[in-house]
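Q: Structure incoming, see below.
The values are calculated or read from the model by the stated rules, or taken from the named source; none is laboratory data. All of these numbers come straight from a predicted model, not from anything done at the bench. Positions of Cβ are generated from backbone atoms using ideal geometry, with glycine treated the same way; all protein chains shown enter the neighbour counts.
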Amino acid sequence: MLKNITKSHATIGVLFGLLFFSLGLRAQIDYSAEWEDFYSYTNAKGMVKNGSILYAIVDNAAFSFDEETNEMEKFSSVTGLSGEITSAVHYSSATSSFVIGYESGLFEIVASNGSINRVVDIVLSDVSSQKKINSMYENEGNLYLSTAFGIVVYDLEQKEFVDTFFVGANSSLVDITSIFIFDGTLYAASAKGIYSAPLSEGLNDSNNWTHFSSEPYNNFRIFNGDLLVSTDSRIFRVVNPSSLELKLTMSSEIVDLHSDSTHLIVGTSAKSEVFDNSYTLLHSLSTASNAVYIDNDKIYLCTSNKGVLTSQLSSPSSFTEIHPEGPLNNEAFSISVLNKDLWIVYGGITPEYTFLARKKGATHYNGTTWTQIPYNRAFPARDITHVSIDPNHPNRAYLSSYLSGILVVEDDQPLQLLNGSNSGLTPWRYDVNSFLIARTLFDEEGDLWVANSWAKDSKHLNKMEDNATVMEVGFSSNVGEELSGINDISKDKYNNVYMGTRLGVLLFNEENNTTAILNTETSKGKLPDTNVYAVETDKNQRVWIGTEQGGLVVFDDMENVYSGNFQETTRHIIVDDGIQKELLGSARINDIYIDGADNKWFATHSGGVVHTDSNAQKTLHLFNKDNSPLPSNEIAEIQMDESTGKVFFLTSRGIVAYKSNIASHGSELSEVYGYPNPALRQHKDVAIVGKDGKNLPFGTNVKILDVAGNLVFESNTVQEQSPYGGKIVWDKTNLAGAQVASGVYIVLLFNEANVQTSSTKIAIIN
């Protein structure tokens with residue numbers, strides 16, 4: 001526990017101690033059996049080394065790399081990290097662990113066996129300031145945490161807090177950027193200058209601290225037997241506990257220092273430079289860095305977009321890029337998934353639906369290989385907001401540009417930029433050379449529907465065949481030419497196209513060539529909010545609508561919507577413990593996904609993910625930061641790979657995927673198998689599904705018998721019995737709910753006419 005706290009901050013010390021005994025050390029859950037992270041690992045913020053292994057922190061995760069074996073390992077919210085924003089990293093040789101500090105004040109200790117302990121005391125303290133951990137320094141088994149309010153000391157062996165130092169006048173809070181112990185003195189660099197105190201004195205007494213200079217200092221480093229400290233573009237030698245000597249002046253702001261016995265490397269906002277013992281410049285590298293490192297005649301640069309770059313110190317001309325593969329960054333705008341192909345784009349629209357002219361390109365992951373598709377001057381598509389994968393040509397994708405039209409990419413190469421000159425797309429009403437394409441959608445016929453924002457003559461919906469516009473749908477004047485906020489587009493099996501906009505839901509029926517609108521008016525659906533972020537239809541032609549401020553509503557009168565005489569939308573009511581409640585209340589719904597089993601997935605703006613059954617009466621999963629590896633409760637989009645059951649969640653801090661057992665219903669019952677088979681003790685469930693990717697048809701009845709012919713399990717692929725769609729999942733229990741014994745079990749399948757069509761066997765080993 002914390003001790004020796006000055007009187008003015010005694011309450012903080014007491015609180016720390018209480019929190020340590022109750023909450024301070026938490027072993028974290030490894031979710032990797034059911035989850036996968038798709039984070040970006042390119043923004044390396046800092047690194048340390050232990051022998052041949054380097055450890056680096058990135059946005060909200062970390063990774064290690066063994067230079068001898070080339071083995072890479074990711075550490076993320078999926079493996080047990082918090083998913084918070086990282087700020088510091090340290091390796092402890094004494095405990096064979098590396099420590100990650102966070103902007104929230106949290107720090108996590110990752111042991112050599114991969115186990116992770118989370119220390120939350122600083123986060124939960126009542127310190128009335130920011131709690132960011134700026135850096136970490138170890139001395140005699142104690143970890144000194146430089147925080148936004150002072151210095152906190154933690155015993156790594158005993159796993160307890162030892163001390164807290166408030167170094168400002170009268171024990172006031174000071175933002176400490178780094179510390180170092182040199183010649184019996186503890187030095188603290190801060191935003192208000194340098195503080196020093198002899199270790200022989202009581203460090204918890206602010207009167208024992210000397211304060212000199214008032215400039216903001218950042219980094220300490222030992223070089224040539226001297227203690228160096230940096231500020232803005234200058235490096236000083238610490239002469240004594242109260243004076244400095246200028247040693248170097250750089251041309252740009254210094255971000256980090258590192259050294260070995262003969263070299264000093266200085267990382268700045270513009271470049272990185274290497275000096276010898278006499279402070280003579282040896283190498284000037286044009287690469288800006290977040291942190292720098294020297295070890296064994298190698299230099300390491302932590303960069304914002306290429307991970308860690310390393311090269312030989314003697315001739316740093318060729319650099320090797322080190323980081324796990326992944327997206328360009330974690331600030332994705334939209335994702336699309338089809339048959340193991342994942343596409344990620346990075347947007348460029350403000351909350352007010354104006355463009356930013358970003359040149360971010362896109363990322364494509366085919367299940368094995370990551371490919372970055374950069375901005376191409378020959379096909380200048382800016383502000384890419386969405387991707388539609390061509391179901392008939394999976395190697396081809398259509399990228400919506402909220403400024404430039406539609407970029408067609410084939411085999412990961414830009415092929416064509418569709419606009420008014422070559423496709424007949426409707427231009428922006430204010431500039432005939434600009435095309436504000438918000439979303440696109442492929443229908444079952446392979447035609448591409450285009451949601452066109454702020455389109456001239458109110459033609460906000462286009463239909464394209466073979467890259468050529470064949471239909472421009474204009475909406476009535478009550479929608480207006482000013483419509484810029486188009487958030488979603490979908491189509492049902494009755495040829496109704498829906499667009500969720502900030503003016504409500506725009507509808508178009510292709511067969512009858514008719515339009516309609518759902519908005520807040522009583523005669524037009526009475527939506528709770530005009531800003532519609534999500535609109536999807538289920539197998540029963542119910543329209544599920546997610547709004548910004550009005551929560552979730554359902555429209556169930558598509559038969560009459562075009563006549564002008566139709567029912568209003570309704571709140572979706574569930575029964576919870578005998579009490580009627582509105583599902584999701586007034587929460588902002590960013591996205592709705594309806595899977596192959598007709599189950600509903602709701603992406604909320606601050607409450608994580610809600611997964612329900614087909615009628616949205618039973619909650620199957622509620623995923624949030626507290627019970628899952630979601631790094632944030634702000635969920636922008638949900639997509640599912642129907643071929644694998646993997647569900648992707650786009651959050652405000654990156655992408656993670658949940659390995660569900662859900663599959664679309666098949667058209668015919670073929671050969672089936674169970675997996676895993678044999679099912680061992682550690683396997684929680686056994687899935688029964690068709691071979692060759694052919695899932696079970698709707699209405700398939702599955703019976704599982706023991707070798708004596710006794711029925712132990714029965715289920716059906718109808719929604720009321722199974723939430724898994726074209727798949728049956730058995731939890732290895734019998735009809736009484738008890739675990740079955742080891743042995744061989746017979747699986748019999750029957751069609752809707754109760755005719756046995758297939759069978760298989762499953763071995764259970766407990």
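Q: Out of (1) farther than 25 Å from Lys74 by Cα; (2) touching a residue at least 40 places away in the same chain (Cβ under 8 Å), the odd one out for Leu143 is which?
A: In the conditions (1) farther than 25 Å from Lys74 by Cα; (2) touching a residue at least 40 places away in the same chain (Cβ under 8 Å), Leu143 misses (1) alone.
Q: If a residue has to be part of a loop (DSSP other than H, G, I, E, B), closer than 29 Å to Gly699 by Cα, of a type in the set (A, V, I, L, M, F, W, C) and under 25 Å from the mean Cα position of the chain (by Cα) to count, how many in segment 585-600 make the cut? Reasoning before the result, please.
A: The initial filter retains those residues of segment 585-600 that are part of a loop (DSSP other than H, G, I, E, B), namely 585-588, 595-599.
From what's left, closer than 29 Å to Gly699 by Cα: 595-599.
Adding the requirement that they be of a type in the set (A, V, I, L, M, F, W, C) leaves 597.
From what's left, under 25 Å from the mean Cα position of the chain (by Cα): none.
Within segment 585-600, residues that are part of a loop (DSSP other than H, G, I, E, B), closer than 29 Å to Gly699 by Cα, of a type in the set (A, V, I, L, M, F, W, C) and under 25 Å from the mean Cα position of the chain (by Cα) number 0.
Q: Give segment 511-520 a look and list any residue that's buried (at least 17 other Cβ atoms within 10 Å of the Cβ) and not hydrophobic (A, V, I, L, M, F, W, C), or say none.
A: Thr515, Asn519
Q: For Ser286, state whether it is under 34 Å from the mean Cα position of the chain (by Cα) and free of Cβ contacts under 8 Å to residues at least 12 places away in the same chain. Quick ask: steps written out before the conclusion?
A: Numbers: under 34 Å from the mean Cα position of the chain (by Cα): yes; free of Cβ contacts under 8 Å to residues at least 12 places away in the same chain: no.
Against the criterion (under 34 Å from the mean Cα position of the chain (by Cα) and free of Cβ contacts under 8 Å to residues at least 12 places away in the same chain), Ser286 does not qualify.
Q: Can I ask one more? Give Ser104, Ser172 a once-over and let me know the one that is of a type in the set (Gly, Ala, Ser), under 32 Å from the mean Cα position of the chain (by Cα) and at negative phi.
A: Values: Ser172 fails: under 32 Å from the mean Cα position of the chain (by Cα).
Just a single option satisfies the conditions, and that option is Ser104.
Q: Just checking, how many residues over segment 185-223 are more than 20 Å from Tyr279 (Cβ to Cβ) and part of a strand (DSSP E or B)?
A: Keep residues of segment 185-223 that are more than 20 Å from Tyr279 (Cβ to Cβ), which gives 185-216.
Next, from what is left, pick out any that are part of a strand (DSSP E or B): 185-190, 193-198, 210-212.
Summing the residues that are more than 20 Å from Tyr279 (Cβ to Cβ) and part of a strand (DSSP E or B) in segment 185-223 gives 15.
Q: Among (1) assigned to a strand (DSSP E or B); (2) buried (at least 22 other Cβ atoms within 10 Å of the Cβ), which single condition is Tyr673 missing?
A: Tyr673 satisfies every listed condition except (2).
Q: Within segment 359-371, can you find the residues that are surrounded by fewer than 18 Cβ atoms within 10 Å (Cβ to Cβ) and either touching a Gly at 6+ places or on another chain (Cβ under 6 Å) or over 21 Å from Leu418 (Cα atoms) (or both)? Break it down stepwise before answering.
A: Step one: filter segment 359-371 for residues surrounded by fewer than 18 Cβ atoms within 10 Å (Cβ to Cβ), giving 359, 366-371.
Within segment 359-371, Asn366, Gly367, Thr368, Thr369, Trp370, Thr371 meet the criteria.
Q: Here is a further query. Please tell me if Asp556 is surrounded by fewer than 18 Cβ atoms within 10 Å (Cβ to Cβ), acidic (Asp, Glu) and either within 21 Å of Thr612 (Cα to Cα) or touching a Gly at 6+ places or on another chain (Cβ under 9 Å) (or both). Explain how you work it out, then say what you get.
A: Working: surrounded by fewer than 18 Cβ atoms within 10 Å (Cβ to Cβ): yes; acidic (Asp, Glu): yes; either within 21 Å of Thr612 (Cα to Cα) or touching a Gly at 6+ places or on another chain (Cβ under 9 Å) (or both): yes.
Criteria met by Asp556.
Q: What are the residues in segment 544-584 that are among the small types (Gly, Ala, Ser) and either part of a strand (DSSP E or B) or within 25 Å of the chain's Cα centre (by Cα) (or both), if any? Reasoning before the result, please.
A: Residues of segment 544-584 that are among the small types (Gly, Ala, Ser), as a first pass: 546, 550-551, 563-564, 578.
Gly546, Gly551 - these are the residues of segment 544-584 that are among the small types (Gly, Ala, Ser) and either part of a strand (DSSP E or B) or within 25 Å of the chain's Cα centre (by Cα) (or both).
Q: Find the residue count for segment 606-627, including only residues that are surrounded by 20 or more Cβ atoms within 10 Å (Cβ to Cβ) and either within 17 Å of Arg653 (Cβ to Cβ) or in contact with an Asp or Glu (Cβ under 6 Å, 6 or more places away or on another chain) (or both).
A: Here is the first cut: in segment 606-627, the residues surrounded by 20 or more Cβ atoms within 10 Å (Cβ to Cβ) are 608-612, 614, 616, 623.
After this cut, where a residue has to be either within 17 Å of Arg653 (Cβ to Cβ) or in contact with an Asp or Glu (Cβ under 6 Å, 6 or more places away or on another chain) (or both) as well, the list is 608-609, 614, 623.
Counting residues in segment 606-627 that are surrounded by 20 or more Cβ atoms within 10 Å (Cβ to Cβ) and either within 17 Å of Arg653 (Cβ to Cβ) or in contact with an Asp or Glu (Cβ under 6 Å, 6 or more places away or on another chain) (or both) gives 4.
Q: Right, here's the next one. Being at pLDDT 95 or above and of a type in the set (Ser, Thr, Tyr) narrows it down to one residue among Ser286, Ser304; which is it? Break it down into steps so the answer makes sense when it comes.
A: On the way: Ser286 fails: at pLDDT 95 or above.
It is Ser304.
Q: On the basis of being touching a residue at least 12 places away in the same chain (Cβ under 8 Å) and buried (at least 21 other Cβ atoms within 10 Å of the Cβ), does Ser206 make the cut?
A: So Ser206 fits the description; yes.
Q: Let me ask you something else. Which condition breaks for Gly105 when tested against (1) modelled with pLDDT under 95; (2) buried (at least 18 other Cβ atoms within 10 Å of the Cβ); (3) outside any strand (DSSP E or B)?
A: Here Gly105 meets the rest and fails (1).
Q: Within segment 175-182, is there a residue that is surrounded by 16 or more Cβ atoms within 10 Å (Cβ to Cβ) and in a loop (DSSP other than H, G, I, E, B)?
A: Looking for residues that are surrounded by 16 or more Cβ atoms within 10 Å (Cβ to Cβ) and in a loop (DSSP other than H, G, I, E, B), one finds at least one in segment 175-182, hence yes.
Q: Filtering segment 601-647 down to residues that are assigned to a loop (DSSP other than H, G, I, E, B) and of a type in the set (Lys, Arg), which residue is nearest to Gly690 (Cα to Cα)? Spell out how you get there, then give the answer.
A: Just the residues of segment 601-647 that are assigned to a loop (DSSP other than H, G, I, E, B), to begin with: 605-608, 613-618, 624-634, 642-645.
Right, trim to of a type in the set (Lys, Arg) and you get 618, 625.
Working: Lys618: 27, Lys625: 35 Å.
Once the filter is applied, the top-ranked residue is Lys618.
Q: On to the next question. Answer with yes or no whether Asp577 is charged (D, E, K, R), more than 21 Å from Trp35 (Cα to Cα) and not assigned by TED's automatic domain parsing to the domain that holds Ala741.
A: Against the criterion (charged (D, E, K, R), more than 21 Å from Trp35 (Cα to Cα) and not assigned by TED's automatic domain parsing to the domain that holds Ala741), Asp577 qualifies.
Q: Restricting attention to segment 209-223, report how many residues are crowded, with 21+ Cβ neighbours inside 10 Å and in contact with a Phe, Trp or Tyr (Cβ under 7 Å, 6 or more places away or on another chain).
A: 2
Q: Which is more than 25 Å from Asn366 (Cβ to Cβ), of a type outside the set (D, E, K, R) and buried (at least 16 other Cβ atoms within 10 Å of the Cβ), of Ala603, Ala663, Ala657, Ala679? Spell out how you get there, then give the answer.
A: Numbers: Ala603 fails: more than 25 Å from Asn366 (Cβ to Cβ); Ala663 fails: more than 25 Å from Asn366 (Cβ to Cβ); Ala657 fails: more than 25 Å from Asn366 (Cβ to Cβ).
Matching residue, one of Ala603, Ala663, Ala657, Ala679: Ala679.
Q: Still on this model: Grab the strands (runs of 3 or more DSSP E) fully contained in segment 224-308, keeping just those with 2 or more residues being touching a Leu at 6+ places or on another chain (Cβ under 9 Å) and under 30 Å from Asn70 (Cα atoms).
A: Working: elements: 226-231, 234-240, 243-249, 254-259, 264-268, 272-275, 281-285, 291-295, 298-302.
Counting at least 2 such residues, we get 254-259, 264-268, 272-275, 281-285, 291-295, 298-302.
Q: Given the condition touching a residue at least 40 places away in the same chain (Cβ under 8 Å), in a loop (DSSP other than H, G, I, E, B) and basic (Lys, Arg), answer yes or no: does some residue in segment 506-528 qualify?
A: Yes, the conditions are met somewhere in segment 506-528.
Q: Something else now. Out of (1) at pLDDT 95 or above; (2) surrounded by fewer than 16 Cβ atoms within 10 Å (Cβ to Cβ), what's the single condition that is false for Asn240?
A: Going through (1) at pLDDT 95 or above; (2) surrounded by fewer than 16 Cβ atoms within 10 Å (Cβ to Cβ) one by one, Asn240 breaks only (1).
Q: Here is a further query. Just to be sure, is Lys131 among the basic types (Lys, Arg), closer than 25 Å to Ile29 by Cβ and not in a strand (DSSP E or B)? Let's see the steps before the verdict.
A: Details: among the basic types (Lys, Arg): yes; closer than 25 Å to Ile29 by Cβ: yes; not in a strand (DSSP E or B): yes.
When the stated conditions are applied, Lys131 passes them.
For (1) under 19 Å from Leu583 (Cα atoms); (2) surrounded by fewer than 16 Cβ atoms within 10 Å (Cβ to Cβ); (3) out of contact with any Lys or Arg (no Cβ under 9 Å at 6 or more places or on another chain), each residue gets a yes or a no:
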position: Ile489; (1), (2), (3): no, no, no
position: Asn496; (1), (2), (3): no, no, yes
position: Asn509; (1), (2), (3): no, no, yes
position: Thr522; (1), (2), (3): no, yes, yes
position: Gly546; (1), (2), (3): yes, no, no
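Q: Also, I was wondering about something else. Given the residues Trp343, Trp370, which is the only one that is over 30 Å from Val48 (Cα atoms) and touching a strand residue (DSSP E or B) at 6+ places or on another chain (Cβ under 8 Å)?
A: Values: Trp370 fails: over 30 Å from Val48 (Cα atoms).
The match here is Trp343.
Q: For the structure I just gave you, tell me whether Met499 is not in a loop (DSSP other than H, G, I, E, B) and not assigned by TED's automatic domain parsing to the domain that holds Asn433.
A: Working: not in a loop (DSSP other than H, G, I, E, B): yes; not assigned by TED's automatic domain parsing to the domain that holds Asn433: yes.
The answer is yes for Met499.
Q: Residue under question is Ser318, and the condition is that it be in a loop (DSSP other than H, G, I, E, B) and in contact with an Asp or Glu (Cβ under 7 Å, 6 or more places away or on another chain); does it hold?
A: Numbers: in a loop (DSSP other than H, G, I, E, B): yes; in contact with an Asp or Glu (Cβ under 7 Å, 6 or more places away or on another chain): no.
The answer is no for Ser318.
Q: To continue, here is another question. In segment 254-305, which residues are surrounded by fewer than 18 Cβ atoms within 10 Å (Cβ to Cβ) and of a type in the set (Ser, Thr, Tyr)?
A: Scanning segment 254-305 gives Ser261, Thr262, Ser269, Ser278, Tyr279, Thr280, Ser284, Ser286, Thr287, Ser304.
Q: Among the listed residues Lys45, Lys3, which satisfies the condition of being at pLDDT 95 or above and charged (D, E, K, R)? Full working, then the answer.
A: On the way: Lys3 fails: at pLDDT 95 or above.
Exactly one of Lys45, Lys3 is at pLDDT 95 or above and charged (D, E, K, R), namely Lys45.
Q: Follow-up. Test of understanding: among Ala451, Ala468, which residue is among the small types (Gly, Ala, Ser) and out of contact with any Leu (no Cβ under 8 Å at 6 or more places or on another chain)? Reasoning before the result, please.
A: Working: Ala451 fails: out of contact with any Leu (no Cβ under 8 Å at 6 or more places or on another chain).
Result of the check over Ala451, Ala468: Ala468.
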